[in-house]
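Have a look at the structure below, then the notes.
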Amino acid sequence: MAFRDEPVRRTASFDGRVAAGAFALAAIAFLVGGAFAGLMVEAAGNWRGALSAFDLYLVRVARFTLWQALLSTLLSVVPAIFVARALARHPRFFGRSFILQLFAVPLALPAIVAALGVLALYGRAGYFAPVFSGLAQERWPGIYGLSGILVAHVFFNLPLATRLLLAALENIAADQWRLSAQLGMGARASFRFIEWPVLRAALPGVAGLVFMLCATSFTIVLTLGGGPRATTLEVAIYQALRFDFDPARAIALTLTQIALTALIVTALARLGASVTGDASLPASPRRALFPSNPERLFNSAAILAALAFVAGPMLATVLAGLESELSRLAREAAFLAALRTSLIFSASSAALCLLLSIALVMARRALEIRRGGRSIGALEQMTDTGAMLVLIVPPIIIGAGWFILLRHLGDVFAFAPVMVITVNALMAMPFAIRMLRPAHDAASARHEKLCLALGIGGWNRLRLVDWPSLRAPAGTAFAFAMALSLGDLGVIALFGSDQVQTLPYLLLQRMGSYRTADAAGLALFLGLLCMALMFLAGRWGKERA
């Protein structure tokens, strides 16, 4: 027991937490470094081929990547300004909470499920095909190509941008609204002097986040791209390895994609944007707002148009799935095997993500306490930002590097389970750390001195002190990471085979063989699974709060 005049000594738990964090960083470095090693080894063996791959095709693909990301950002963010403002100007109306919950659904849907929903609604045989054919007076060709990519990206990012901008508007002080009402400000004056300054401050970060999501989009472009004229860098990497088996071109495309992503992440950091895209909303405050009838009409039209656009593909996915033979599909050996594989892979990935994230969070806090008031050291900086750096290297890039490296060691497809689990765990870590760190740091601030004084450390501290505070956020992080892994197509698209199939991979195969009914049924199963996991994550998050 420590007396008042006796200095409290640090226990071995500090070293244990730091060692665990160093191990987690080493695991991240090994996975990312191995991918780069594979690229460098191949480039050294065929550097002439890698250099020659920096040609007009690469320029065209890079230009299309940026162009579709720019268009998607504009089409997502500009309407989101009006929708967010309409929701902010009407804080109380029937169905508002339902609309906000519906706008959160695209965040939980796998990209391939959303792509199926877009095709079921706007495709050549979609529900709107007869309408479009009648208007054009010719057979509707479908929505493949740039138009399909843009529609799917807006479906995902319009709700995200709306929630982020609405969160900024909801934080406007009530006094400002009260003063505007007292001064008799109309809609235009309120927008100019109250709302626009807040929106202008939030727009760069929101637009940058949406641009990054669209520039690194893989599944949407793979399923809706429609050919060489609508191919992004990540899809071109996949095609170069799985179809053309041209490692030299894959290296050139990969290096270009890494440089592009690094520039975007650096710009986001300068803008102060969050690359994890937290779209949580504060409670809607009571405000003195008196919109005119024309403004009410315009706001209602904006909200209803956004609601129809977002709900349409979801409803189409459900209807198309229900029209398929779900009972037969659920008994298929291929479906049951893919479901079992998906659940095992996603649960293992989530568990690994949770272990590594907790280790980094604890190590960062231990190093912060040890540092005192001195400047931040390199190890503490890495435990703080090391996991975020993986956002510079998308899953398809890590998969491509290891695909090239492992082909020298044996059968590449035999490594599919390890690659899918580890890469998906790594990609979910920034989100998991964001959920875990506030709870752990708050608990550490309350109990650190007592644990040091009593000499509680190691497993006993984790079990008795840290875990009760981490249980709820850890459950949220586990469910969220499992949902992300369950719907991911990036790594399994490279390493998948007839022996190792997940639900997204099986869905992609059924689409490729034009078995659209089966694909719709699989999309419904996959969407419901991911939605259930995200519901659990949200429920545990609310219990924590």
| request: Evaluate E = 1/(1 + (r/R0)^6) for residue 528 and residue 48, where r is the Cβ-Cβ distance and R0 equals 51 Å; express this FRET efficiency to the nearest 0.05. | output: 0.50
| request: Report the full-extension gain for the segment residue 445 to residue 513: residue separation times 0.36 nm, less the Cα-Cα distance, to one decimal in nm. | output: 18.8 nm
| note | Of 488-499, 209-220, 452-463, ordering from highest average Cβ density within 10 Å down gives 209-220, 488-499, 452-463
| said: Is there a quick way to get the dipole size of the range 432-500? I mean about its Cα centre, with the Cβ of Lys and Arg at +1 and of Asp and Glu at -1; what is the value in debye to the nearest 20? | reply: 420
| What number, rounded to the nearest 500 deg cm²/dmol, is the helix-based mean residue ellipticity at 222 nm of the chain, given -39500 (n - 2.57) per DSSP H run of at least four residues and division by all its residues? | -25000 deg cm²/dmol
| task | Using the Karplus curve 6.51 cos²θ - 1.76 cosθ + 1.60 with θ = phi - 60°, work out ³J(HN,Hα) for each residue of the range 108-123 in order, rounded to whole Hz, and write x for Gly and Pro. | result | 9, 6, x, 4, 5, 5, 4, 4, 5, x, 5, 5, 5, 9, 10, x
| request: Could you compute the FRET efficiency for residue 300 and residue 535, with r as their C-beta to C-beta distance and R0 at 35 Å, rounded to 0.05? | output: 0.75
| note | Expected sort for 359-365, 504-510, 21-27, 90-96 on mean C-beta neighbours within 10 Å, highest first, is 359-365, 504-510, 21-27, 90-96
| remark: In terms of the alpha carbon gyration tensor, root eigenvalues a ≥ b ≥ c, rounded if a/c is under 1.5 and otherwise prolate when a/b exceeds b/c or oblate, the chain is oblate
| query | Which semi-axes, in whole Å and largest first, does the equivalent ellipsoid of the range 368-473 have when worked out from the alpha carbon gyration tensor as the square roots of 5 times its eigenvalues? | reply | 36, 17, 13
| note | Checked the range 132-190 against the a/c 1.5 cut and the a/b vs b/c comparison, axes a ≥ b ≥ c from its Cα gyration tensor; verdict oblate
| Packing-based ranking, highest mean first, of 517-525, 235-243 given that Cβ atoms within 10 Å are counted | 517-525, 235-243
| message | I want to check the label-to-label distance for residue 336 and residue 175. Put each point 7 Å from Cα in the C-beta direction and report it in nm to one decimal. | response | 6.7
| So what's the projected area for the range 412-520, the Cα convex hull averaged over all directions, in nm²? | 9.1
| said: Apply the Karplus curve 6.51 cos²θ - 1.76 cosθ + 1.60, θ = phi - 60°, to the phi angles in the range 259-270 and return the couplings in whole Hz, x for Gly and Pro. | reply: 4, 5, 5, 4, 5, 5, 5, 5, 5, 4, 5, 5
| task | Could you tell me whether the range 299-403 comes out rounded, prolate or oblate from its Cα gyration tensor? Rule is a ≥ b ≥ c as square roots of the eigenvalues, rounded for a/c under 1.5, then prolate if a/b exceeds b/c, otherwise oblate. | result | oblate
| query | According to a simple spin-label model (label point 7 Å from Cα along Cα-to-Cβ), what is the distance in nm between residue 192 and residue 499? | reply | 7.0
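Just so you know, all these numbers are worked out from the coordinates, no wet-lab data involved. Just so it is clear, the model here is predicted, and its values are computed rather than measured. Virtual Cβ from ideal backbone geometry, glycine too; neighbours counted across all protein chains shown.
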